[in-house]
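Engineer: Provided herewith is a single structure, encoded as structure tokens, for subsequent inquiry.
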Amino acid sequence: MVEPEKIHKQYLWVTSVSAAVLLLLFVVFLFAVRSNGVAPQHVRLDKGWTVTYKGEKTEVESLVNYTFPKRLRSGDSLILEGEIPANLLAHSIFRFRTVHSAVEVFENGKSVYEYGKDKVFPGCGFHLVHLNHGELQKLKVVLIEKVNNRKITFSAYELLPEEYATSDYSSHHIFALVIGIFLILFGVFAVLIGAVMRIYGVNYFRLLMIGFLSFTFGTWTMCYTKLIQIVSYNLTLNTTLEYICLYFSPIPFTLLLWNMHRMRLNRSKTLVMKILVVYEVVYLVVTSVLHFSGLFFYPQMLVFFHVVVFFGLVYFVYSGILYNKKMDESGKILSRGVLFFVVMVVADMLRYNFARHLAADIPLLGSSWIPLGTLGFVLSLVQSYVVYLVYILEDRAEKGALATMAYLDALTGLFNRAKCQQIFDILDKSFGDYAFVSIDMNGLKAVNDKYGHNEGDRFIKAFAEVFKEAFKGVGTTIRVGGDEFLAIVRSEHVADVKSAVKKMTELQRECSAKLPIPLEVAYGTAFKHEFLEYSFSVAEEQRIDAEKVYHLADERMYAMKSSMKSKSARKE
């Protein structure tokens with residue numbers, strides 16, 4: 001026979017391999033989709049540009065590697081001029097990205113595209129411009145800065161076939177697209193479950209915070225990678241949503257850590273956590289007021305956000321909230337998730353700077369790695385929560401088992417006197433009818449004297465099985481002590497007492513053949529309603545406690561016992 005532990009390991013191995021195979025197939029599928037969506041002809045317009053600022057022209061060797069030497073004020077303009085041979089691509093789309101700038105594109109001196117001049121905060125995103133075709137196309141891109149004191153860099157300017165205008169970008173970033181959609185859907189699902197459970201009085205605060213974080217990071221991923229432009233071409237809205245999600249994210253994260261460690265935090269650490277949450281809420285509100293009033297925009301306050309997040313993480317680590325050797329597995333998983341996210345952010349910075357110096361289109365370097373870090377972080381949150389739930393369930397099961405053991409008779413498996421008293425207390429607070437069947441075994445002393453206590457125990461267990469089977473689904477079976485038993489029958493089954501006693505008698509006869517002497521018992525039955533016949537008020541009914549009914553059943557049992565003349569009774 002195969003051991004359960006071995007079966008469990010085999011099941012775990014099969015499950016892990018199956019999950020890995022499915023994940024691999026999904027990745028292969030995404031690569032196949034990506035290859036069909038990426039434009040087969042793709043021209044980078046990186047060289048031959050002239051940058052003009054206030055009449056001063058600068059020849060740029062490589063646009064993506066060029067950083068404008070001055071910081072622009074709001075309203076300043078940069079003019080980029082270049083030439084595109086007409087035979088490069090027919091029916092082409094000119095694609096480029098702007099950051100917080102209004103833009104106007106001229107083809108051979110004629111304006112063919114304009115965006116953001118009427119906007120105080122135009123946002124950032126990519127633009128698709130349909131070009132006309134001539135022998136030689138002269139392009140001029142006018143950028144009008146809308147945010148003060150910003151460092152100016154340039155993304156790749158590209159030409160691609162117009163039939164791939166929408167699919168090329170999303171295909172290049174298909175993994176970020178899948179991650180973003182997954183995080184959003186999971187976040188909505190988690191928040192809904194947490195909210196519904198809260199209505200029913202179940203505390204799912206952690207799940208709520210994980211849901212908020214997942215939805216926030218998913219939305220931020222879609223906005224940060226500009227994949228949100230699949231459904232929204234409002235760059236102002238997209239960028240505003242990106243920063244709101246970013247500035248909101250520390251709030252549920254801090255609340256999650258607070259909830260996880262609230263029982264282990266001393267007063268000073270609890271106070272710091274409260275201050276952090278208040279500061280994060282105030283920061284979000286203040287930056288939003290400044291942004292929408294036009295005094296300062298979200299990007300201008302990003303450095304303060306980075307400083308706060310950095311010192312917050314340092315405090316969490318230093319105080320042992322984010323990591324310490326004594327924390328449980330749930331906390332360690334969360335710490336690894338945070339570390340993975342930080343590593344991916346740093347790695348993405350290196351990727352970005354390395355990719356800027358390469359002209360080749362390398363898939364691994366062509367899109368941000370931050371969405372992957374975000375996915376890893378959120379999955380670590382989920383795993384941490386699952387481990388926490390498993391611990392809670394195991395703890396409850398263990399406590400439940402111990403509580404059950406405290407109310408069980410070790411020999412028979414029936415409930416014991418402690419459970420009997422607990423039920424008595426409950427019955428005393430109720431107004432419904434109930435019945436007691438008090439039972440005493442005949443012949444136990446004779447069995448112990450003649451065959452020994454081991455056989456006596458077998459005698460008791462034999463009756464316990466009969467007793468339990470007879471009252472199954474009818475009442476609670478209890479071994480009061482020694483050879484005394486009690487059945488407690490609630491109001492809904494009071495009418496079944498007679499049939500249960502009859503069944504017990506029949507089962508006794510069947511079981512007697514396997515025992516050294518016949519299995520016989522004396523029993524007495526009493527009902528609460530028997531006392532109600534003489535009571536006329538609620539107060540009088542409340543004075544009818546379970547002990548009175550039990551004593552009546554006991555008296556009737558002894559009356560039956562004294563009248564029995566069986567061999568077992570005579571031997572006693």
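The values are calculated or read from the model by the stated rules, or taken from the named source; none is laboratory data. Computed from a predicted model, the values in this text were never measured in an experiment. Counting neighbours? That spans all protein chains shown, and the Cβs are built from the backbone with ideal geometry, glycine included.
Engineer: Name the residue that is surrounded by the most Cβ atoms within 10 Å (Cβ to Cβ), counting only residues in segment 331-348 that are closer than 25 Å to L284 by Cα and without any contact (Cβ under 8 Å) to a residue 12 or more places away in the chain.
Structural biologist: Ranking the candidates gives L339 first.
Engineer: For L207, work out the one condition from (1) of a type in the set (A, V, I, L, M); (2) at pLDDT below 90; (3) crowded, with 18+ Cβ neighbours inside 10 Å; (4) more than 28 Å from L276 (Cα to Cα) it doesn't fulfil.
Structural biologist: (4)
Engineer: Right, next: Could you tell me which of the residues A406, A435 is within 52 Å of the chain's Cα centre (by Cα), of a type in the set (G, A, S) and buried (at least 21 other Cβ atoms within 10 Å of the Cβ)?
Structural biologist: Just one listed residue meets the conditions, A435.
Engineer: Among (1) hydrophobic (A, V, I, L, M, F, W, C); (2) under 18 Å from L78 (Cα atoms); (3) not in a strand (DSSP E or B), where does F182 come up short?
Structural biologist: Every listed condition holds for F182 apart from (2).
Engineer: Anything in segment 485-519 that is among the charged types (D, E, K, R) and either at positive phi or in contact (Cβ under 8 Å) with a residue 40 or more places away in the chain (or both)? List them, or say none.
Structural biologist: Matches in segment 485-519: R490, K514.
Engineer: Give me the pairs: first residue in segment 39-55 and touching a residue at least 12 places away in the same chain (Cβ under 8 Å) and within 22 Å of Y169 (Cα to Cα), second residue of a type outside the set (A, V, I, L, M, F, W, C) and in a loop (DSSP other than H, G, I, E, B), beta-carbon distance under 6 Å, and six or more apart or on different chains, which are they?
Structural biologist: L45/Y157; D46/S62
Engineer: Restricting to segment 132-172, give me the number of residues that are part of a loop (DSSP other than H, G, I, E, B) and touching a residue at least 40 places away in the same chain (Cβ under 8 Å).
Structural biologist: Looking only at that region, the number is 15.
Engineer: Another question, if that's okay. Suppose the filter is of a type outside the set (G, A, S), in the same structural domain as F96 (by TED's automatic domain parsing) and either at pLDDT 80 or above or in a helix (DSSP H, G or I) (or both); does T50 pass it?
Structural biologist: yes
Engineer: Mind checking which residues of segment 492-529 are polar (S, T, N, Q) and surrounded by fewer than 16 Cβ atoms within 10 Å (Cβ to Cβ)?
Structural biologist: Selection gives S499, T505, S512.
Engineer: Go over the candidates V120, V129, V112 one by one and state the one that is in a loop (DSSP other than H, G, I, E, B) and modelled with pLDDT of 85 or more.
Structural biologist: V120
Engineer: Could you pull out the residue among S35, S18, S62 that is more than 26 Å from A165 (Cα to Cα) and either of a type in the set (G, A, S) or at pLDDT below 80 (or both)?
Structural biologist: Only one candidate qualifies: S18.
Engineer: Hey, any hits in segment 319-330 for a residue that's over 30 Å from the mean Cα position of the chain (by Cα) and touching a residue at least 40 places away in the same chain (Cβ under 8 Å)?
Structural biologist: Scanning segment 319-330, I find no residue that is over 30 Å from the mean Cα position of the chain (by Cα) and touching a residue at least 40 places away in the same chain (Cβ under 8 Å), so the answer is no.
Engineer: Next up: Kindly provide the set of residues from segment 172-204 that are surrounded by fewer than 19 Cβ atoms within 10 Å (Cβ to Cβ) and farther than 19 Å from L375 by Cβ, ordered by number.
Structural biologist: L192, I193, A195, V196, M197, R198, I199, Y200, G201, V202, N203
Engineer: How do the helices (runs of 4 or more DSSP H) wholly within segment 227-308 filter down when requiring 3 or more residues that are in contact with a Lys or Arg (Cβ under 9 Å, 6 or more places away or on another chain): which remain?
Structural biologist: 235-248, 250-261
Engineer: Taking only segment 76-107 into account, find how many residues are part of a loop (DSSP other than H, G, I, E, B), out of contact with any helix residue (DSSP H, G or I) (no Cβ under 8 Å at 6 or more places or on another chain) and either assigned by TED's automatic domain parsing to the domain that holds G294 or at pLDDT 85 or above (or both).
Structural biologist: Going through segment 76-107 one residue at a time, the tally reaches 1.
Residue-wise test of (1) within 35 Å of the chain's Cα centre (by Cα); (2) under 30 Å from F121 (Cα atoms).
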residue	(1), (2)
L30	yes, no
H42	no, no
W49	no, yes
S77	no, yes
L80	no, yes
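Engineer: Next up: Given the conditions (1) surrounded by 14 or more Cβ atoms within 10 Å (Cβ to Cβ); (2) modelled with pLDDT under 80; (3) not in a loop (DSSP other than H, G, I, E, B), and given that S368 satisfies all but one, which numbered condition is not satisfied?
Structural biologist: Just one mismatch for S368, condition (3).
Engineer: Provide a single number: the residues in segment 249-298 that are surrounded by 13 or more Cβ atoms within 10 Å (Cβ to Cβ) and under 29 Å from the mean Cα position of the chain (by Cα).
Structural biologist: Total meeting the criteria: 27.
Engineer: Can you pull out every residue in segment 445-491 that is part of a strand (DSSP E or B) and surrounded by 15 or more Cβ atoms within 10 Å (Cβ to Cβ)?
Structural biologist: T476, T477, I478, R479, V480, E484, F485, L486, A487, I488, V489, R490
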